[in-house]
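The values are calculated or read from the model by the stated rules, or taken from the named source; none is laboratory data. Not measured: the values here are computed from a predicted model. No Cβ is skipped: glycine too gets one built from the backbone with ideal geometry, and neighbour counts run over all protein chains shown.
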Amino acid sequence: MSVATLDPKHNVTGNRQAYYDKISKKDMAPLWEVLRNVVTKEPKSKCSPNLWKFDEVKKLMLEAGDVISAEEAERRVLVLENPSLRGQSRITNSLFAGIQLIMPGEIAEAHQHVSSAIRLVLDGNGAYTAVEGEKASMARGDFILTPNWAPHDHGNPGKEPVMWLDVLDMPTVNHFETSFMTHFDEKAQNTARQDGDSLDRYGSGVLPDGTTLDTFKTRSPVINYTYARTKPIIERMLKAGDVDPVHGARVRYSNPVTGGHVMATMGAYLALFPKGFKGKDYQSTDGTIFVCVEGHGSTKVGDKVLEWGPNDVFVVPSWHKYAHDMNEESVLFSISDKPAQEALGIWREKK
Ligand code: GTQ
Ligand code: FE2
């Protein structure tokens, strides 16, 4: 039947359906049937707010030590899957999060990939991660970068199991269908640069001569932002009264060359909150992963209350209204895809 033979006054639904069937055969569809779903008035996140308690995570993670070796697994990681996005290896629509375990004497072999990673050290001492030839020793609260395509391997020459949070942008990289990965012949990198080298070199008010804004345009040169160095800064801010009504005494991890975020796809913050702090309601378009580094408190997300303590991880989806409440002085680490949204000009917040 041709369009000309359709009588618009009669059997509108049937006529439309016949038309839809016809265009469907040619891989076309009517926008007007789906417009409200693809151009929403407000963000409608597919994710749910959720909390992972570290005591449960740790117990299950240690069991994985018996199930698979680091060598066999390549990376022994439990993925923190958003309950509304099961099977999709992601905690928000754009970010992957996982807990990685490395047992004493193990190594996780060197490789490189397009996805960028950050690590936040949670538990245990004595492990290292080597990134671009710098061997970063891992201490609790350290924030360690593995930028896009940077060679990296991990090892644990110590005596304790070591665990950390991995956050990677692979859902973003895979959204653009731009993933590459390669392995190296050597299991571990040659580490010519000592622990802390990049922070000293780039984060001390001097730069190696010849460094320009373009050299580190999309990533920070710093590998390890140690907790030992960052915590005293937020303590000073709190003492000075520099406390945001939503975010507390908060610093943004920055690229010391450009002042921008540490990476183009992910950005992170560390915040100190005084005891009794009752945060104002807040919402933003960047679905955010929080980790409690110290203290206890709760975060109300919509009608859900997430009660957290040390090393607990929780997620607040895009545009969900939330507010923090501190039972005691607490430190929260947070990470999201805000830099990507800002670069695209689409990030929004509501206070
Ligand atoms: O440590 O290199 O959680 O490549 C996922 C992919 C960790 C890693 C993850 C990885 C790594
Ligand atoms: Fe990796």
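In segment 48-109, counting only strands (runs of 3 or more DSSP E) that sit wholly within it, the ones holding 1 or more residues that are among the β-branched types (Val, Ile, Thr), more than 18 Å from the chain's Cα centre (by Cα) and over 25 Å from Gly295 (Cα atoms) span 96-102. Residues that are within 15 Å of ligand 2 (Cβ to nearest atom), in a loop (DSSP other than H, G, I, E, B) and within 24 Å of Phe290 (Cβ to Cβ) within segment 110-126 comprise Ser115, Ser116, listed in sequence order. Here is a list of conditions, (1) modelled with pLDDT of 95 or more; (2) within 16 Å of ligand 1 (Cβ to nearest atom); (3) of a type in the set (A, V, I, L, M, F, W, C), and Phe176 meets all of them except one; can you say which number that is? Every condition holds for Phe176 apart from (2).
Restricting attention to segment 240-279, the residues that are within 24 Å of Ala323 (Cβ to Cβ), without any contact (Cβ under 8 Å) to a residue 60 or more places away in the chain and of a type in the set (Gly, Ala, Ser) total 5.
Screening Asp209 against (1) over 21 Å from the mean Cα position of the chain (by Cα); (2) surrounded by 15 or more Cβ atoms within 10 Å (Cβ to Cβ); (3) part of a loop (DSSP other than H, G, I, E, B) leaves a single unmet condition, (2). Taking the criterion of being in contact with a strand residue (DSSP E or B) (Cβ under 7 Å, 6 or more places away or on another chain), under 30 Å from Thr211 (Cα atoms) and at pLDDT 95 or above, would at least one residue in segment 288-295 satisfy it? No: zero hits.
Every residue, every condition in (1) at pLDDT below 95; (2) more than 15 Å from ligand 1 (Cβ to nearest atom); (3) on the phi < 0 side of the Ramachandran plot, yes or no:
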| site | (1), (2), (3) |
| --- | --- |
| Pro83 | no, yes, yes |
| Leu120 | no, no, yes |
| Ala130 | no, no, yes |
| Gly133 | yes, yes, no |
| Ala136 | no, no, yes |
| Thr146 | no, no, yes |
| Ala150 | no, no, yes |
| Glu160 | no, yes, yes |
| Met163 | no, no, yes |
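Looking at Ile91, Ile68, Ile99, just one residue is within 16 Å of ligand 2 (Cβ to nearest atom) and either farther than 27 Å from Pro171 by Cβ or surrounded by 11 or more Cβ atoms within 10 Å (Cβ to Cβ) (or both), and that residue is Ile99.
Picking from residues in segment 102-117 that are hydrophobic (A, V, I, L, M, F, W, C) and near ligand 1 (Cβ under 10 Å from one of its atoms), the one that is surrounded by the fewest Cβ atoms within 10 Å (Cβ to Cβ) is Ala110. Looking only at strands (runs of 3 or more DSSP E) that lie completely in segment 228-314, which have at least 2 residues being in contact with a helix residue (DSSP H, G or I) (Cβ under 9 Å, 6 or more places away or on another chain) and of a type in the set (Val, Ile, Thr)? Answer list for segment 228-314: 288-294. Considering (1) surrounded by fewer than 18 Cβ atoms within 10 Å (Cβ to Cβ); (2) in contact with a strand residue (DSSP E or B) (Cβ under 9 Å, 6 or more places away or on another chain), the lone condition that Ala130 does not fulfil carries the number (1).
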